[in-house]
Amino acid sequence: MIENYFAELAETFEKHADPIIAANAKAYMRDKSEFYGLPSPLRKQLLADLIAKSGYPDYSELDEMIRFAWEQPQREWQYTAMDITAKFVKKAEPGLIDSSEWMITHKSWWDSVDFVAPNIAGLVFNKFPEIRMHYIEKWMQSGHLWLLRSCLIHQLRYNKTADKELLFNLCERLADHPDFFIRKAIGWSLRQYSKAYPEAVIEFVTSHDISNLSRKEALKVVDRKNTV
C-alpha cells in the first residue's frame, strides 16, 4: 500500500517541518494549501533518501500514489507525487495523460499546473502524438482555466520541435481571455518559442491583437537580444 511506502517519508517530513517557512509559503500561495515548510532542496533530498532505500513505486501504483498525495493537506505531498510521476514519463503509457489531467484539475494552482503541463502531460503528448489533439480540443472546449493554461504551456520543453501552427492557433483562440494566468501563459509560450524562432514570434505579435501583458512577456528574450 502507498501509505506504507510513504510512512517513513511522512515521519521525516514532520521531523524537518519549519512553521515559519510554512506560514510564509502558505501566504505566498494565497492560502491555497498547508505546508510543512520544507525548502525544495531538502524535500527532494528526503525523497531521494526514500528512493535509495525503497526504490520507486510500481508504475501500476501511480494513480493510487497521486490520489494519496492529493488527499494530504500539505502541498509538499503533491510536489512529491509530481516528482515521482515525472520519472515515469519515459516508460509512460497513453493513460498517463488522464492522470495528468486529474492533477491539473484538482487542488489547482499555478505551481502544480506549471509543473504537470510541460513536464508530464507535454512529454506524454510528445511520446504519443496521436492522442494530443483529442485532449487539446477537449481541454480547450472545457473552458477550465488550468486546462486552458496547460494547452498553452505543454510545449515548453519541446524547444525547436514545438508545433508552431498549434502554438499560434491556441494563442490566437485565447488572445482575448480576461484572466491573468492565460494572458501570462500566452506570453510565456511565445517567449519560449522565440528562443529558437524570434522572427516568427515577432511576426505573430505584431499581426495579432493580444494583451499588453502577453506581448511584453512574449518579447522579453527578443528585446534583450536587441539591446545587447
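The values are calculated or read from the model by the stated rules, or taken from the named source; none is laboratory data. From a predicted model like this one, the values you see are computed outputs, not experimental measurements. Neighbour counts run over all protein chains shown; Cβ positions are idealised from the backbone, glycine included. Side chains are part of the model used for accessible areas, which takes the heavy atoms of the whole protein and leaves out ligands, DNA and RNA. Shrake-Rupley method; radii C 1.70, N 1.55, O 1.52, S 1.80 Å.
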Here are a few candidate values for mean projected area of the Cα convex hull in nm²: [x] 13.6; [y] 25.4; [z] 18.0. Which one was actually calculated from the structure I just gave you?
[x]
Give, as a single signed number, the net charge of other residues whose beta carbon lies under 14 Å from the beta carbon of LEU148, with Lys and Arg counted +1 and Asp and Glu -1.
-1
Here the equivalent ellipsoid of the range 163-224, derived from its Cα gyration tensor, has semi-axes (largest first, whole Å) of 16, 13, 10
Taking all protein chains in place and a 1.4 Å probe, what share, in percent, of the accessible surface of the range 1-67 do carbon and sulfur account for?
53
Where N is the number of residues in the range 55-189, Cα Rg divided by 2.2 N^0.38 Å:
1.02
Compute the relative contact order of the chain as a whole-number percentage, counting only Cα pairs closer than 8 Å that sit 6 or more residues apart in sequence.
12
Give the cross-link partners of LYS216 among the lysines, using a straight C-alpha distance below 20 Å as the criterion and excluding same-chain residues fewer than 8 apart.
LYS164, LYS184, LYS195, LYS225
Expected output is a single nm value to one decimal: the length gained when fully extending between SER207 and ASP31, i.e. 0.36 nm times separation in residues minus the C-alpha distance. What is it?
59.4 nm
What number comes out for accessible area per residue over the chain if the probe is 1.4 Å? Units Å², please.
50
